[in-house]
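In what follows, a single structure is set out as structure tokens and then discussed.
The values are calculated or read from the model by the stated rules, or taken from the named source; none is laboratory data. Note that this is a predicted model, so its numbers are computed, not measured. With ideal geometry, Cβ positions are generated from the backbone for all residues, glycine too; neighbour counts draw on all protein chains shown.
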């Protein structure tokens, strides 16, 4: 399989996972036989590592890849927590579990609140390579990351998060497939 295809597949998995989450908590907890939303997110996040093999190798790549790996690790932790949460049968048990998690900053900060955002930040840093040669892809990637952050951390609106993922994905796909401009001045 080509690496670019794995990148696009990962982006599609992230979007599908976010669309399922946008249907609401009740829908997510009612999924059978497995928690499809978080499986899509988990596989999508892992496939994001493919971007490290297709982007140019330089300082942005090195720093962005390290941050992306931190984000992928946090995504794995977040999905694991969500799988456990999904397994609880009552709202009361879920609430108790979430209360425990959010009262434990050593778990909630790296795996729920802050950590997963490093995936998007790392890929956005890697997209800095294209600032001059593929501005549309770069600006869409940055915009998508900002929109995802606004949806997740400020408005808590899943539809904004889904929209941000679509913009983010479209930007990264442009970075992968749009021919870069060669004639620019340093």
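What to note about this one:
- Any chance residue 163 is at pLDDT 95 or above and assigned to a helix (DSSP H, G or I): yes
- Residue match in segment 49-66 (condition: within 18 Å of the chain's Cα centre (by Cα), in a helix (DSSP H, G or I) and under 14 Å from residue 116 (Cβ atoms)): no
- Number of residues in segment 99-112 that are closer than 21 Å to residue 24 by Cβ and either surrounded by 12 or more Cβ atoms within 10 Å (Cβ to Cβ) or in contact (Cβ under 8 Å) with a residue 12 or more places away in the chain (or both): the value is 3.
Every residue, every condition in (1) more than 22 Å from residue 36 (Cβ to Cβ); (2) part of a helix (DSSP H, G or I); (3) under 14 Å from the mean Cα position of the chain (by Cα), yes or no:
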{"position": "75", "(1), (2), (3)": "no, yes, yes"}
{"position": "79", "(1), (2), (3)": "no, yes, yes"}
{"position": "82", "(1), (2), (3)": "no, yes, no"}
{"position": "93", "(1), (2), (3)": "no, yes, no"}
{"position": "106", "(1), (2), (3)": "yes, yes, no"}
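- Conditions (1) at pLDDT 90 or above; (2) surrounded by fewer than 17 Cβ atoms within 10 Å (Cβ to Cβ): number failed by residue 26: (1)
- Flag for residue 16 being in contact with a helix residue (DSSP H, G or I) (Cβ under 8 Å, 6 or more places away or on another chain), in contact (Cβ under 8 Å) with a residue 60 or more places away in the chain, assigned to a helix (DSSP H, G or I) and surrounded by 14 or more Cβ atoms within 10 Å (Cβ to Cβ): no
- Residue match in segment 85-98 (condition: in contact with a helix residue (DSSP H, G or I) (Cβ under 7 Å, 6 or more places away or on another chain), touching a residue at least 40 places away in the same chain (Cβ under 8 Å) and under 22 Å from residue 137 (Cβ atoms)): no
- Which numbered condition residue 73 misses (of (1) in contact with a helix residue (DSSP H, G or I) (Cβ under 8 Å, 6 or more places away or on another chain); (2) in contact (Cβ under 8 Å) with a residue 12 or more places away in the chain): (1)
- Failed criterion for residue 51 (all others in (1) surrounded by fewer than 21 Cβ atoms within 10 Å (Cβ to Cβ); (2) within 27 Å of residue 130 (Cβ to Cβ); (3) modelled with pLDDT under 95 hold): (1)
- Residue list for segment 115-159, restricted to those being farther than 21 Å from residue 16 by Cβ, in contact with a helix residue (DSSP H, G or I) (Cβ under 8 Å, 6 or more places away or on another chain) and outside any helix (DSSP H, G or I): 115, 131, 134
- Subset of segment 1-13 that is under 15 Å from the mean Cα position of the chain (by Cα) and without any contact (Cβ under 8 Å) to a residue 40 or more places away in the chain - its residue that is surrounded by the most Cβ atoms within 10 Å (Cβ to Cβ): 13
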